[in-house]
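Have a look at the structure below, then the notes.
The values are calculated or read from the model by the stated rules, or taken from the named source; none is laboratory data. Please read all numbers here as calculations on a predicted model, not as lab measurements. Note that we place each Cβ from the backbone using ideal geometry, even for glycine, and neighbour counts take in every protein chain shown.
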Amino acid sequence: MSLVDDIRACRLCTARFAATRTGHAPRPVVWFRPGARILIAGQAPGARVHESGRPFTDASGERLREWLGIDAETFYDRDRIAIVPMGFCFPGYDAKGADIPPPPLCRATWHDRVMAELGQVELILPVGLHAIRYHLGHRGSLTAAVAGWRDHAPRVFPLPHPSWRNTGWLRKNPWFEADCLPVLRARVKELL
Ligand code: SF4
């Protein structure tokens with residue numbers, strides 16, 4: 001079996017997810033092939049992606065595609081773009097209705113193997129603090145990481161999560177859309 005098949009068959013979090021409010025079963029959303037030049041390193045699937053089995057089939061995905069300046073066909077071309085979240089399965093909701101963070105077990109079990117199989121990607125987009133910590137070893141805040149984008153470009157662009165929950169963050173930090181996104185879009189265009 002390939003690594004992709006191994007991850008799709010993973011059920012390590014069965015008991016953990018059964019104990020959440022949604023009581024769902026694991027459904028790993030695995031979307032990569034070796035050779036992709038761009039890696040989108042997200043957090044974990046939400047409830048809609050858990051249903052669809054395809055990453056970013058939600059409002060977050062629409063916003064992310066707009067940030068990158070690409071259409072859905074390009075975004076879902078696994079030969080060009082790998083989408084590897086820090087948790088491959090929907091983790092469920094907490095008491096406030098927010099998504100539970102991805103289980104650290106997923107990162108520990110799969111991530112180094114996935115990165116080794118992907119090889120040398122030319123652009124890494126860690127989306128949200130969990131992915132930023134893994135890919136940049138960053139220990140500060142999300143805002144500090146994203147504000148320091150020039151320190152990591154053109155290979156890595158740390159991004160906030162494109163969720164509607166971050167609309168307030170985007171308003172408070174207009175430099176992100178004004179300064180960072182045009183440079184990111186140009187880099188994506190160059191690689192595609
Ligand atoms: S979240 Fe990761 S470790 Fe847990 S069941 Fe899904 S693929 Fe396996």
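Keeping to segment 93-115, report how many residues are modelled with pLDDT of 95 or more and either more than 16 Å from the ligand (Cβ to nearest atom) or in a strand (DSSP E or B) (or both).
Qualifying residue count, segment 93-115: 0.
Does R107 satisfy the condition of being buried (at least 18 other Cβ atoms within 10 Å of the Cβ) and of a type in the set (K, R)?
Yes; evaluated as a whole, the condition is true for this residue.
Each row is one residue, and each column tells you yes or no for (1) in contact with a strand residue (DSSP E or B) (Cβ under 6 Å, 6 or more places away or on another chain); (2) in a helix (DSSP H, G or I).
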site	(1), (2)
H135	yes, yes
G140	no, no
R171	no, yes
V183	no, yes
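Is it the case that G42 is touching a residue at least 60 places away in the same chain (Cβ under 8 Å) and more than 16 Å from the ligand (Cβ to nearest atom)?
Considered against the rule, which asks whether it is touching a residue at least 60 places away in the same chain (Cβ under 8 Å) and more than 16 Å from the ligand (Cβ to nearest atom), G42 comes out as no.
Picking from P182, P174, P160, which residue would you name as being closer than 22 Å to G61 by Cβ and surrounded by fewer than 13 Cβ atoms within 10 Å (Cβ to Cβ)?
Result: P182 is the single residue among P182, P174, P160 that is closer than 22 Å to G61 by Cβ and surrounded by fewer than 13 Cβ atoms within 10 Å (Cβ to Cβ).
I'm trying to understand the selection: among the residues of segment 76-92, which are within 15 Å of the ligand (Cβ to nearest atom) and in a strand (DSSP E or B)?
Scanning segment 76-92 gives a single hit, I83.
Run down R63, R54 and say which single residue is under 14 Å from the mean Cα position of the chain (by Cα), modelled with pLDDT of 95 or more and assigned to a helix (DSSP H, G or I).
Values: R54 fails: assigned to a helix (DSSP H, G or I).
Checking each option against the conditions leaves just R63.
Please pick out the residue among R21, R33 that is within 17 Å of V84 (Cβ to Cβ), of a type in the set (K, R) and more than 16 Å from the ligand (Cβ to nearest atom).
R33
Given the conditions (1) within 13 Å of the ligand (Cβ to nearest atom); (2) part of a loop (DSSP other than H, G, I, E, B); (3) farther than 28 Å from L184 by Cβ, and given that A15 satisfies all but one, which numbered condition is not satisfied?
(2)
Look through segment 45-75, keep the residues that are within 16 Å of the ligand (Cβ to nearest atom) and crowded, with 18+ Cβ neighbours inside 10 Å, and return whichever of them is farthest from L125 (Cα to Cα).
Across segment 45-75, the extreme among qualifying residues is H50.
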